[in-house]
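Working notes for the structure below.
The values are calculated or read from the model by the stated rules, or taken from the named source; none is laboratory data. Only a predicted model underlies this, so the values are computations on that prediction, with no experimental measurement involved. Here the Cβ positions follow ideal geometry from the backbone for every residue, glycine too, while neighbour counts run over all protein chains shown.
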Amino acid sequence: MTELLESPTGNPYLTVAPRRTPEGTARATIACVIPAYNEEDSIVEVLQALLRQSRLPDVIHVVINNTDDDTFYLAREFAGPHEHTYQDITYRTEVFVHDIGINKDKKVGALNYGFAQVCDDYDYFLGVDGDTVVDKTAVELLEAEIISDPRIGGISAIYTVSEAAAEGFTAKFLTAGQRAQFAAFNMDNLLHGRNMAVLGGQCSILSMEALKNVMVDNRQATPWVKDSEVEDSLLSLQIKSLGYATKISANARASVGGMSTMRALDGQQVKWNYGAIDLMWPGQRSNTAGQPFHPNLRLRWSENISMLFNILTRLSFIMLLAASLSIGAYVFYPVWLIPPLVAVILNLRIATSIRRKSGKDIAFALLVIPAELYLWLRMGHFVRAWAKFFTSTQTDNWAAQARAERGAGSAHIMPAVVFAIISVGLVAAWLQQSVDVQSAILSVGWPVLYITTMVQTAFMLRKALRRHRGFQV
């Protein structure tokens with residue numbers, strides 16, 4: 001007969017069936033918190049997935065905030081005790097649904113509210129976004145990994161963008177792009193000792209001890225603070241600074257909701273990029289100083305430097321090509337086909353590493369144009385984020401993303417407008433130069449671009465040929 005233990009809260013519905021280790025000790029306890037903002041399209045599937053886990057969380061708190069849709073009414077149908085049997089072990093949990101109304105701290109406030117409900121009674125904090133559907137064994141795998149080493153402060157699941165909700169050409173294109181982007185990011189982390197720079201809020205398990213130590217060490221009243229646009233990145237840095245490891249799981253997986261419009265994607269990516277820049281750049285702009293040499297930010301620096309070179313080489317090629325054609329001086333060399341060929345090989349290698357890859361993922365990599373167009377979108381997000389940072393524009397990027405997801409705003413087209421204006425200016429300046437000056441510019445510009453592109457191509461080839469060591473994303 002299965003023995004039942006009473007929950008530390010004393011609630012009779014929160015009894016659990018303890019899984020015994022070989023040493024005879026009871027398993028750890030896990031509290032799951034789901035911050036939810038206008039998640040009526042996904043909250044039911046999210047809760048159903050959690051309640052079908054091979055290892056149930058011991059308690060689930062849904063924290064609804066700033067919501068004006070039916071998220072609360074859908075989530076409340078799950079409130080109360082639940083029981084689930086898996087491999088002859090019966091798990092019991094209880095779902096609590098909180099609608100905290102207007103919350104000026106948004107997701108940070110919702111996470112801290114949930115943390116306050118569970119911090120004294122559980123060993124681990126499992127954060128799951130309101131649009132993240134976890135695989136059936138995700139909680140069990142995350143638990144097994146984090147209890148295997150007390151030096152681990154948190155582990156993020158491998159997450160990808162779900163294809164299910166993508167309707168229309170634009171949505172399918174953006175979904176394929178985001179899947180490729182997340183796959184490349186996750187593979188980079190897996191191949192660097194599974195060290196995860198960001199314990200993503202999508203689905204991560206965190207040591208309650210580590211969270212409390214972060215509060216003490218940083219003199220914070222709560223684990224999450226609004227000092228950063230990317231609250232999970234800042235918390236990950238703080239956990240790492242205390243000597244804990246921050247890891248990505250080798251096997252636990254989750255599917256997240258993607259951005260299906262240009263506006264929504266722009267709002268999300270600009271917020272992410274801006275928050276990363278804020279953490280990377282030296283100096284004090286809030287209560288938390290920039291940490292440019294923090295080990296968790298090395299990959300961020302690499303991503304930004306790579307994006308800068310992508311912008312420079314592509315804009316230089318367009319300008320030099322147009323300039324050469326204008327004076328009839330362009331000569332095609334087949335060697336310029338090598339960079340796009342290597343890019344296809346790299347993109348295809350990433351696509352084939354996706355565990356549940358589809359034909360769309362493979363086509364996205366092979367057809368060249370979709371991947372190139374998506375990269376141009378990302379370059380626009382990159383430029384917008386750095387421009388906002390250097391101009392010290394004080395905007396609420398959380399609110400900007402929310403407006404973009406509702407279909408409001410036109411900031412996403414600004415990079416294209418600026419590019420068009422600069423292009424007109426460059427054309428006018430070019431036409432005013434003598435043929436000798438134009439020829440001199442081309443004679444210097446093409447070799448510089450050639451050398452830069454060769455270096456970039458070498459880095460891409462190195463990535464394309466590296467061993468994935470059996471990892472899938």
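For the stretch 127-162, which positions are in contact with a Lys or Arg (Cβ under 7 Å, 6 or more places away or on another chain) and assigned to a loop (DSSP other than H, G, I, E, B)?
Asp135, Lys136
Is at least one residue of the stretch 279-295 at pLDDT 95 or above and of a type in the set (S, T, N, Q)? Reasoning before the result, please.
Residues of the stretch 279-295 at pLDDT 95 or above: none.
The answer is no; no qualifying residue exists.
Matching residues to (1) over 14 Å from Gly200 (Cα atoms); (2) surrounded by fewer than 22 Cβ atoms within 10 Å (Cβ to Cβ):
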{"site": "Gln220", "(1), (2)": "yes, yes"}
{"site": "Lys226", "(1), (2)": "yes, yes"}
{"site": "Ser236", "(1), (2)": "no, no"}
{"site": "Ile239", "(1), (2)": "no, no"}
{"site": "Lys247", "(1), (2)": "no, no"}
{"site": "Thr261", "(1), (2)": "yes, yes"}
{"site": "Gly267", "(1), (2)": "yes, no"}
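Is it the case that Gly258 is over 28 Å from Ala49 (Cα atoms) and either assigned by TED's automatic domain parsing to the domain that holds Val134 or touching a residue at least 60 places away in the same chain (Cβ under 8 Å) (or both)? Working first, answer last.
On the way: over 28 Å from Ala49 (Cα atoms): no; either assigned by TED's automatic domain parsing to the domain that holds Val134 or touching a residue at least 60 places away in the same chain (Cβ under 8 Å) (or both): yes.
For Gly258, the condition - over 28 Å from Ala49 (Cα atoms) and either assigned by TED's automatic domain parsing to the domain that holds Val134 or touching a residue at least 60 places away in the same chain (Cβ under 8 Å) (or both) - is not met.
So which residues in the stretch 264-316 are within 16 Å of Ser236 (Cβ to Cβ) and of a type in the set (Ser, Thr, Tyr), if there are any at all?
Correct list: Thr288 only.
If Asn189 satisfies every condition in (1) at pLDDT below 90; (2) surrounded by fewer than 23 Cβ atoms within 10 Å (Cβ to Cβ) but one, which is the exception?
With respect to (1) at pLDDT below 90; (2) surrounded by fewer than 23 Cβ atoms within 10 Å (Cβ to Cβ), Asn189 is out only on (1).
Of everything in the stretch 249-258 that's more than 12 Å from the chain's Cα centre (by Cα) and surrounded by fewer than 24 Cβ atoms within 10 Å (Cβ to Cβ), which residue is nearest to Ala197 (Cα to Cα)?
Ala250
Asp70 - would you say it is more than 21 Å from Ser255 (Cβ to Cβ), at pLDDT 95 or above, of a type outside the set (A, V, I, L, M) and out of contact with any His (no Cβ under 9 Å at 6 or more places or on another chain)?
The answer is yes for Asp70.
Give the stretch 197-228 a look and list any residue that's within 11 Å of Val108 (Cβ to Cβ) and of a type in the set (A, V, I, L, M), or say none.
Within the stretch 197-228, Val225 is the sole residue that qualifies.
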